[in-house]
Amino acid sequence: MQDANVGRIVRLLAAQAMLSVGIVVAMGVFFDWQVARDSLVGGLAAVSGSAVFALWLFKRPSSVDPHALVKQFYAGELLRFATIVILFGLAMKKIDSLNPATLLVVFLIVQITPLLLANRIAR
């Protein structure tokens with residue numbers, strides 16, 4: 001993996017993690033600890049999925065063949081999706097009072113916001 005790419009990936013993952021922490025703190029202050037916990041689970045799922053995808057895609061040697069690159073990309077996306085589904089499933093099974101709406105909304109915010117700001121974050 002090239003050093004410039006590593007720096008960009010680390011900055012994007014750090015932005016997702018910081019956004020997650022900010023949301024969890026805000027939910028804890030304005031609501032209660034259960035809403036903050038559900039927010040934490042949603043944020044962790046988003047960051048974990050992104051980290052798995054980045055590790056899969058950039059740790060492997062990149063191929064010159066376009067078909068191999070596309071296969072590698074889609075395999076990473078499937079692995080990311082599986083990671084998120086497993087984490088959601090574990091959370092819903094293990095946490096009795098989990099609010100799925102909070103989990104999903106925070107997940108979407110943490111997943112989408114850094115991507116919308118990717119050009120600013122990656123510099």
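Readers should treat all values here as calculations from the given coordinates under stated rules, not as data from a laboratory. Since this is a predicted model, take the numbers as computed values, not measurements. Note: ideal-geometry Cβ built from the backbone for every residue, glycine included; neighbour counts use all protein chains shown.
Where helices (runs of 4 or more DSSP H) sit wholly within region 31-121, those with at least 1 residues that are without any contact (Cβ under 8 Å) to a residue 60 or more places away in the chain and within 15 Å of the chain's Cα centre (by Cα) occupy 33-59, 66-94, 100-116. Taking the criterion of being of a type in the set (Lys, Arg) and surrounded by 14 or more Cβ atoms within 10 Å (Cβ to Cβ), the only residue of region 75-109 that qualifies is 80.
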